[in-house]
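First up is the structure itself, then whatever we jot down about it.
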Amino acid sequence: MDNPPVAKYKLTIEFTGNSHEELETEILYYQNGGYLLDSDYHKRDQFDVLGGRKTTRLEHTNPEMTPERYDEELQAWSANRREH
């Protein structure tokens, strides 16, 4: 196994701003409920949200993956890398 397992979701976030303060404000907003709004309180499995200073995309990269299976595959991949 050369590559790590593929997770169920991939979240990409891009923040833009004209100052560190603007970036920090956007990050804090996202941390304090922005994801819930973007995902419609976890009802949406995929989304693209474009805002003035923030763009988010949630992709469904591996619909069959479960948290348990991912942990097992990740541990096996990591052990294999340590051995070689």
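A short reminder: the numbers here are calculations on the coordinates, not readings from a lab. Note that the coordinates shown come from a computational prediction; the quantities given were computed from them, not determined experimentally. So basically every Cβ, Gly included, is an ideal-geometry build from the backbone, and we count neighbours across all protein chains shown.
Just one of the listed residues (Leu50, Leu74) is touching a residue at least 60 places away in the same chain (Cβ under 8 Å) and over 14 Å from the mean Cα position of the chain (by Cα), and it is Leu74. The residues of the stretch 49-68 that are in a loop (DSSP other than H, G, I, E, B) and not charged (D, E, K, R), listed by number, are Gly51, Gly52, Thr61, Asn62, Pro63, Met65, Thr66.
Taken over the stretch 21-65, the criterion of being of a type in the set (Val, Ile, Thr) and farther than 18 Å from Asn3 by Cα is satisfied by Thr25, Ile27, Val49, Thr55, Thr56.
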